[in-house]
1. Residues Val116, Val82, Val122, Val89: which one is within 13 Å of Gly13 (Cα to Cα) and either at pLDDT below 50 or open to solvent by 40 Å² or more (accessible area, probe 1.4 Å) (or both)?
2. Quickly run through the range 78-96 and pick out the residues that are closer than 17 Å to Thr37 by Cα and not acidic (Asp, Glu).
3. Scan the range 46-96 for residues that are in a helix (DSSP H, G or I), in contact (Cβ under 8 Å) with a residue 24 or more places away in the chain and not basic (Lys, Arg) and report the count.
Amino acid sequence: MAFQGLNEVRIIGYVSADPEGRTTQNGKAVVSFSIPTVRKWGDKDITDWHKIVAWGKLAEIVCTYVKKGSFLCVTGANTTKVWEDKNKVKHYQAEILANAILLLPSGKKKAEEAEVEPEQDVPF
């Protein structure tokens, strides 16, 4: 089989709000949270918001140990969730499907001092 490509993403940053965990009707754990990153565009700082989703045992671990301000390295695959609303309009949401999450030491920076915007600034 020919090479099909590689889909691997690594995000390092501070969690913007407490992760939101739930259990599906089939009993599978799922959690989602966001990590903002900042990049330069000319003389401007641009914040990109990354929605992270984890399933199963990894989701359970996140719900137990991760909170707002946690400093993480997330490795996963870039995915796009697609759905139609009641008016038959298609919506697209970029997500990172996590397959590994590493809780990093935050150094001297306290969780309260993490450089993340307030929850209301999250665009999803």
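1. None of the others qualify; the one that does is Val116.
2. Matches in the range 78-96: Asn78, Ala94, Ile96.
3. Selection size over the range 46-96: 8.
The values are calculated or read from the model by the stated rules, or taken from the named source; none is laboratory data. Just so it is clear, the structure is predicted and the values come from calculations on it, not from any experiment. When we count neighbours, we look across all protein chains shown, and the Cβ atoms used for this are built from the backbone with ideal geometry, even at glycine. Surface accessibility is based on the protein's heavy atoms, side chains included, excluding ligands, DNA and RNA. Shrake-Rupley method; radii C 1.70, N 1.55, O 1.52, S 1.80 Å.
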